[in-house]
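First the structure, in the form of structure tokens, and then the observations on it.
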Ligand SMILES: [Zn+2]
């Protein structure tokens, strides 16, 4: 007679970072983008903005291991709502410093449309920044099951009011104690480029240089294939990205964006941004979008994953 089978816990092999990058689902990215753009507008002054807020809470709230936090603020009496999906190492985590934040703004604007009225004009914001928002939702889904392997808190920040010159992220950064974050990574407009799988990699201070170099090395290490990956120092006042308040506060901060600055041989110009025509059909490079999501996830995991 055979001895009774003893249930032994056979640890399943841990997925590598490369495995986790492969879990990013282009169909889910598309689905999120279509929903976000389908609300009509996510302008902070438009009634449909509330639909985007509800969608983010619904999607993030359905992921086990994600803690939701809200930060409300106001800019010129316009209410802003930042939404944070917090993924903590298990079983315990008590550190107050060294966290990692990945952000994307979910609000939109169409102020380049003739006759624009923010309360009524459509602002689908597919590329800007449905692409980044969808990528963050996928990151939440993929990282949350790995929280026993994290060594640092990962905060996924869905910022509001970026289109009013990063008012949501600035309101958040103003609350941060020194040392709270060791790295801030921002994703904004990453789906349009009919010519190249290009991303611009903005970095903000000398304190961001190491993070910039990690991003470049990570693109190579996992053969993600962003090319060209243009590192650009973004110290001037024209830093219209949620990465800026972090960087200017001295936090190591980078941003991935399809183009920063003038058009050139690897970027032909996206003339639908900030108009009613920033619709899902303008996401002309879904391969770039997927690569941007992968690069963001890989950099975050290189920092926050313990094993
Ligand atoms: Zn944007």
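Please compute the modelled spin-label separation between residue 72 and residue 148, points set 7 Å along Cα→Cβ, answer in nm with one decimal.
3.8 nm
Report, in deg cm²/dmol and to the nearest 500, the calculated mean residue ellipticity at 222 nm for the chain, where each DSSP H run with n ≥ 4 adds -39500 (n - 2.57) and the sum is divided by the residue count.
-9000 deg cm²/dmol
For 260, 75, 271, what's the fewest-to-most ordering of other Cβ within 10 Å of each Cβ?
Sorted ascending by nearby Cβ count, the order is 271, 75, 260.
Compute the FRET efficiency between residue 90 and residue 175 as 1/(1 + (r/R0)^6), taking r as their Cβ-Cβ distance and R0 = 22 Å, and round to the nearest 0.05.
0.30
Hey, with R₀ at 30 Å, roughly what FRET efficiency would residue 206 and residue 240 work out to, going by the Cβ-Cβ distance, to 0.05?
0.90
Roughly speaking, what is the stretch gain from residue 213 to residue 233, that is 0.36 nm per residue apart minus the C-alpha to C-alpha distance, in nm to one decimal?
Taking residue 213 through residue 233 to full extension adds about 6.0 nm, to one decimal.
Between 0 and 90 degrees, rounded to the nearest ten: what's the tilt of helix 209-221 against the longest Cα principal axis of the chain?
The helix 209-221 is inclined about 70 degrees to the chain.
Neighbour counts of other C-beta atoms within 10 Å: give me 246, 39 arranged from fewest to most.
Placing the least packed residue first, the sequence is 39, 246.
Using alpha carbons only, how many angstrom separate the centre of the range 134-158 from the centre of the range 271-306?
With the range 134-158 and the range 271-306 each reduced to a Cα centre, they are spaced 16 Å.
Relative contact order for the range 201-256 using alpha-carbon pairs under 8 Å, separation at least 6, rounded to a whole percent?
58 percent
What FRET efficiency comes out for residue 113 versus residue 18 if R0 is 25 angstrom and r is the Cβ-Cβ distance? Round to the nearest 0.05.
Taking R0 as 25 Å, the efficiency between residue 113 and residue 18 is 0.05.
Highest mean first, what order results for 113-121, 274-282 on Cβ atoms within 10 Å?
Going by the mean number of other Cβ atoms within 10 Å, highest first, we get 274-282, 113-121.
Size of the chain along its principal axes in angstrom, Cα-based, largest extent first?
83, 40, 39
Using Cβ counts within 10 Å as a stand-in for footprinting exposure, how do 162, 302 rank, fewest first?
Going from least to most buried by this count: 302, 162.
Using Cα springs under 10 Å in a Gaussian network model of the chain, which residue among 17, 185, 195 shows the largest mean-square fluctuation?
195
Order these peptides, 41-53, 210-222, 134-146, by their mean beta-carbon neighbour count within 10 angstrom, highest first.
Highest-to-lowest ranking by the protection proxy: 134-146, 41-53, 210-222.
Could you sort the peptides 253-259, 126-132 by per-residue average Cβ neighbour count (10 Å cutoff), highest mean leading?
Averaged packing, sorted descending, gives the order 126-132, 253-259.
Any idea how far the Cα center of the range 181-229 sits from the one of the range 83-123, in Å?
Using only Cα atoms, the two centres lie 19 Å from each other.
Determine the equivalent ellipsoid of the range 112-228 by diagonalising the alpha-carbon gyration tensor, then write out the semi-axes as square roots of 5 times the eigenvalues, largest first, rounded to whole Å.
Value: 27, 21, 16 Å, ordered largest first.
For Cα pairs less than 8 Å apart in space and 6+ apart in sequence, what is the mean separation divided by the residue count of the range 17-304, i.e. the relative contact order in percent?
Once normalised by length, the contact order is 25 percent.
If you fit an axis through the alpha-carbon atoms of helix 131-143 and take the longest principal axis of the Cα set of the chain, what angle between them do you get, 0 to 90°, nearest 10?
10 degrees
I need to check one value: relative contact order of the range 163-245, counting alpha carbon pairs closer than 8 Å and at least 6 residues apart, in percent.
So the answer I get is 44 percent.
Report, in degrees rounded to the nearest 10, the 0 to 90 angle that the Cα long axis of helix 26-38 makes with the longest principal axis of the chain.
On a 0 to 90 degree scale, this one is about 40.
Just so you know, all these numbers are worked out from the coordinates, no wet-lab data involved. This one's a predicted model, so the numbers in the text were calculated from it and none came from an experiment. Glycine gets a Cβ as well: all are built from the backbone with ideal geometry, and neighbour counts include every protein chain shown.
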